[in-house]
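One structure is given here, and the rest of the page talks about it.
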Protein chains: 2
Amino acid sequence: MIESNPNLKEYSQSFYLSAGECNAQAEMPITLLMNRIIEVATNHANSWGVGYARLIEDNQGWVLSRVTIEMTRYPRVDEFYSLTTWIEDYNRHFSQRNMEIADNDGNVIGYVRTIWVVINLSTRESVDISKLSYIAANVTEHPCPIEPQSRLRPFEPTRTETYRFQYTDIDFNGHVNTVRYLEHIINQFPWNHHRENFISRMEISFVKETYYDEEAQILIDDNDPTNIRLDINVGDTTRVRSRLIFQKREK
Amino acid sequence: MIESNPNLKEYSQSFYLSAGECNAQAEMPITLLMNRIIEVATNHANSWGVGYARLIEDNQGWVLSRVTIEMTRYPRVDEFYSLTTWIEDYNRHFSQRNMEIADNDGNVIGYVRTIWVVINLSTRESVDISKLSYIAANVTEHPCPIEPQSRLRPFEPTRTETYRFQYTDIDFNGHVNTVRYLEHIINQFPWNHHRENFISRMEISFVKETYYDEEAQILIDDNDPTNIRLDINVGDTTRVRSRLIFQKREK
């Protein structure tokens with residue numbers, strides 16, 4: 001059910017969490033949340049005529065550069081939830097799009113900060129987006145009370161895993177899908193850890209694209225099991241940086 | 001956008017295929033189609049009051065036993081598509097739910113046959129569902145012109161792969177998610193194979209549940225690369241049987 005917001009500056013969409021979509025805790029996986037974030041951002045941009053269909057005419061596309069998510073809880077099985085999105089800041093280099101996740105009663109259960117850039121699909125270089133002035137005209141004051149992403153510096157891993165990217169990891173640009181990176185990140189923690197904790201804050205930064213059949217090293221610093229740094233490298237290049245803040249579940 | 005069909009016997013739901021959801025061919029992955037099949041079936045059952053919320057009261061749940069999909073093409077990026085579902089047959093053992101996938105112009109691009117059973121969530125045994133008589137009253141004559149699932153017999157593999165199930169493979173029942181099986185199945189074929197062929201028919205049968213951290217053997221018979229048998233075993237028990245019919249893409 002798409003509810004195009006009467007206020008064009010904001011766009012809301014509601015979803016139903018089916019049993020088949022749930023994680024082992026019978027709640028919304030953060031990977032599905034990431035999918036919804038991309039879907040709602042895409043729909044809002046499309047509603048403005050500055051989405052995929054418009055940009056592809058110039059051989060350009062939106063690319064998600066950074067995502068920061070904070071959740072007090074995740075939607076549970078059989079629950080309706082909504083995402084509302086708006087633009088907080090915009091310049092010729094990037095668009096800063098925020099979101100609010102609400103439960104069926106309208107209670108806000110989380111916030112999201114995203115940074116988007118537009119790239120030339122041939123050169124993969126980011127392009128000036130000041131031409132998309134419609135966006136600049138739609139910056140709003142809607143508050144987003146979560147901290148911007150912290151600087152994710154290199155670190156000394158406590159352990160390193162390896163993974164070779166497969167067909168279903170690859171998106172329609174021929175690169176590893178943002179959601180799949182996140183999936184491999186959360187799979188670095190056993191079921192017991194997810195059973196006892198939930199991800200209360202997640203920061204992820206997409207540094208460089210990764211390709212089919214590349215073998216990645218997943219570097220993990222879990223000295224503090226509630227505040228984890230995790231990078232995905234291929235050879236000596238960093239592809240993804242992330243931080244996961246885990247919070248104990250209430251019994 | 002949910003369009004609850006005026007004819008309660010049928011239920012339709014429309015979706016938008018965002019760029020982020022697409023596979024490397026810029027089309028709907030069969031894994032996402034499987035998610036949509038489960039979502040629409042769940043919503044239809046819920047609309048009748050015989051869905052998850054009702055069954056959980058009796059410590060019961062719907063379980064997908066078999067799925068057969070035939071597609072002439074898959075929805076493409078930025079396209080709207082719809083799933084329409086109805087019950088073809090119903091008895092105390094199982095419910096046979098079919099679906100029709102249509103593009104935004106209403107052209108049917110695929111059909112689905114599914115078999116659902118209800119299990120006791122403690123014993124995992126299937127239960128008599130004749131009490132859900134509302135369903136029996138809603139059997140319709142809507143045609144589904146694809147062959148029922150063939151008998152998937154044991155076979156001699158041409159190759160065998162292994163995979164250990166991880167956290168994101170596990171669903172809210174604590175078992176491997178049906179969609180994840182399918183993902184590991186299609187990952188047994190390289191990108192080139194998917195680039196040149198699409199899955200025109202897929203049969204999958206869920207025989208026995210699989211658990212977190214179990215190591216599976218994936219048995220493949222690809223003597224005929226267009227008609228492939230693939231089973232997922234753990235030890236000497238078969239968990240999933242499948243058949244994939246690949247069709248050359250038009251250049």
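The values are calculated or read from the model by the stated rules, or taken from the named source; none is laboratory data. Please read all numbers here as calculations on a predicted model, not as lab measurements. Using ideal geometry, Cβ is built from the backbone for each residue, glycine included, and neighbour counts are taken over all protein chains shown. These area figures cover heavy atoms from the full protein model, side chains too; ligands, DNA and RNA do not enter into them. Shrake-Rupley method; radii C 1.70, N 1.55, O 1.52, S 1.80 Å.
The table below lists the values:
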quantity	calculated
Any pair with Cβ under 8 angstrom, 6 or more apart, that starts in the stretch B:38-60 at a residue that is at pLDDT 85 or above and ends at one that is of a type in the set (Val, Ile, Thr) and open to solvent by 40 Å² or more (accessible area, probe 1.4 Å)	B:ASN43/B:ILE2
Verdict on A:TYR74 being at the interface with chain B (Cβ under 8 Å from one of its Cβ atoms), under 24 Å from A:MET202 (Cα atoms), open to solvent by less than 20 Å² (accessible area, probe 1.4 Å) and touching a strand residue (DSSP E or B) at 6+ places or on another chain (Cβ under 8 Å)	no
Breaking point among (1) touching a residue at least 24 places away in the same chain (Cβ under 8 Å); (2) of a type outside the set (Lys, Arg); (3) surrounded by 17 or more Cβ atoms within 10 Å (Cβ to Cβ), for A:ALA102	(1)
Subset of the stretch A:29-50 (residues that are out of contact with any Leu (no Cβ under 6 Å at 6 or more places or on another chain) and more than 8 Å from chain B (Cβ to nearest Cβ))	A:ILE30, A:LEU32, A:LEU33, A:ILE37, A:ALA41, A:HIS44, A:ALA45, A:SER47, A:TRP48, A:GLY49
Candidate set from the stretch B:161-175 (those that are in contact with a strand residue (DSSP E or B) (Cβ under 9 Å, 6 or more places away or on another chain) and in contact (Cβ under 8 Å) with a residue 12 or more places away in the chain); member that is most open to solvent (accessible area, probe 1.4 Å)	B:ARG164
Where A:GLY235 falls short, out of the listed (1) buried (at least 17 other Cβ atoms within 10 Å of the Cβ); (2) on the phi > 0 side of the Ramachandran plot	(1)
Some residue of the stretch B:40-56 being polar (S, T, N, Q) and more than 30 Å from B:THR123 (Cβ to Cβ)	no
Looking only at the stretch A:9-26, and only at residues there that are more than 8 Å from every other protein chain (Cβ to nearest Cβ) and closer than 23 Å to B:ASN46 by Cα, the one that is surrounded by the most Cβ atoms within 10 Å (Cβ to Cβ)	A:LEU17
Residue within the stretch B:177-185 that is away from chain A (no Cβ under 14 Å) and either open to solvent by 40 Å² or more (accessible area, probe 1.4 Å) or without any contact (Cβ under 8 Å) to a residue 40 or more places away in the chain (or both) present	no
Check on A:ALA53, out of contact with any Gly (no Cβ under 7 Å at 6 or more places or on another chain), open to solvent by 10 Å² or more (accessible area, probe 1.4 Å) and at the interface with chain B (Cβ under 8 Å from one of its Cβ atoms)	yes
Residue list for the stretch A:27-65, restricted to those being small (Gly, Ala, Ser) and under 16 Å from B:ASP78 (Cα atoms)	A:ALA41, A:ALA45, A:SER47, A:GLY49, A:GLY51, A:ALA53, A:GLY61
Matching entry among A:ILE199, A:ILE245 (being out of contact with any Asp or Glu (no Cβ under 6 Å at 6 or more places or on another chain), within 14 Å of chain B (Cβ to nearest Cβ) and touching a residue at least 40 places away in the same chain (Cβ under 8 Å))	A:ILE199
Residue selected from the stretch B:105-131 under the condition in contact with a His (Cβ under 9 Å, 6 or more places away or on another chain) and β-branched (Val, Ile, Thr), by the criterion surrounded by the most Cβ atoms within 10 Å (Cβ to Cβ)	B:ILE129
Subset of the stretch A:77-99 that is touching a residue at least 40 places away in the same chain (Cβ under 8 Å) and open to solvent by 60 Å² or more (accessible area, probe 1.4 Å) - its residue that is farthest from A:LYS131 (Cα to Cα)	A:PHE80
